[in-house]
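What follows is a single structure, written as structure tokens, with notes after it.
The values are calculated or read from the model by the stated rules, or taken from the named source; none is laboratory data. Bear in mind the structure is a predicted one, so any value in this text is a computation, not a measurement. Cβ placement follows ideal geometry from the backbone for every residue including glycine, while neighbour counts extend to all protein chains displayed. All accessible areas refer to the heavy atoms of the entire protein, side chains included, with ligands and DNA or RNA removed. Shrake-Rupley method; radii C 1.70, N 1.55, O 1.52, S 1.80 Å.
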Amino acid sequence: MTENLKLVIVIGSVREGRFGPVVASWIAGQAREHGGFVVEVIDLADLDIPLSLPAASPKYAGDNYPWPSGMAALTSALESADAVLLITPEYNHSYPASLKAAIDWHFTHWTAKPVGFVSYGGAAGGRHAVLHLENVLTELHAVTIRDGLSFPNYFTQWSDGRPLDTEAPAYAKVMLDQLAWWAAALRTARATTAYPA
Ligand SMILES: Cc1cc2nc3c(=O)[nH]c(=O)nc-3n(C[C@H](O)[C@H](O)[C@H](O)COP(=O)(O)O)c2cc1C
């Protein structure tokens, strides 16, 4: 197993009274038990991420892009990440604006990196949010992981900070195995060959 793969877990919702941190805490525990990663959790609610973007495109500005200092923790975490796991609820059949802002402020940070998803919501379990995220992240040259975790009706399906579904840790392991495989493969690829973007 490749050592020191860094997994950044991003809590995408910033809503008052949100459930996101419960999901993030559980999956962070699964990722630490998995053993394939060094895990860092970034909570977007702790950051100041402006909705207004600068005139310059991050695609062309390179290191001169004015990333706000209020979200430096996210920027440096994404920079050093070998894999990212997005924790997202579903808002009006998509993902929260906080997560879109966090994604849009970054550009090359996503290139040739694997991104997995853990979603939750009502009957659809946040799957509409994930479908939209997959679309957006493909534009940013990320590699999205097929086997995510989805928690429908989480309000009746979680207790004491964990899902009631006893199969959930096994599903998490499948996703984390795939994420680790891609993280190792893409880290080697990034180090040896310039990505043709
Ligand atoms: C603005 C808003 C829109 C929502 N739209 C949906 C939706 O389209 N589908 C769904 O399953 N749940 C929807 N919900 C319910 C959320 O999935 C649920 O409130 C969840 O707890 C939100 O995550 P959070 O607590 O981490 O913010 C919505 C909630 C909000 C606040």
Can you tell me which residue is nearest to residue 102 (Cα to Cα) among those in segment 137-168 that are touching a residue at least 60 places away in the same chain (Cβ under 8 Å) and open to solvent by less than 60 Å² (accessible area, probe 1.4 Å)? 149
Residues within segment 182-197 that are surrounded by fewer than 16 Cβ atoms within 10 Å (Cβ to Cβ) and among the hydrophobic types (A, V, I, L, M, F, W, C), tallied: 5
In segment 104-136, what count of residues is obtained for those that are aliphatic (A, V, I, L, M), open to solvent by 10 Å² or more (accessible area, probe 1.4 Å) and under 13 Å from the mean Cα position of the chain (by Cα)? 1
Can you go through 73, 45 and tell me which one is more than 15 Å from residue 117 (Cα to Cα), touching a helix residue (DSSP H, G or I) at 6+ places or on another chain (Cβ under 9 Å), aliphatic (A, V, I, L, M) and away from the ligand (no atom under 16 Å from the Cβ)? 73
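If a residue has to be without any contact (Cβ under 8 Å) to a residue 60 or more places away in the chain and either assigned to a helix (DSSP H, G or I) or over 26 Å from residue 49 (Cβ atoms) (or both) to count, how many in segment 1-16 make the cut? Break it down into steps so the answer makes sense when it comes.
Initial filter on segment 1-16 (without any contact (Cβ under 8 Å) to a residue 60 or more places away in the chain): 3-4, 16.
From what is left, the residues that are either assigned to a helix (DSSP H, G or I) or over 26 Å from residue 49 (Cβ atoms) (or both) are 3-4.
Of the residues in segment 1-16, 2 are without any contact (Cβ under 8 Å) to a residue 60 or more places away in the chain and either assigned to a helix (DSSP H, G or I) or over 26 Å from residue 49 (Cβ atoms) (or both).
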If you go through segment 77-87 one residue at a time, do you hit one that is open to solvent by 10 Å² or more (accessible area, probe 1.4 Å), of a type in the set (Ser, Thr, Tyr) and more than 14 Å from the chain's Cα centre (by Cα)? no
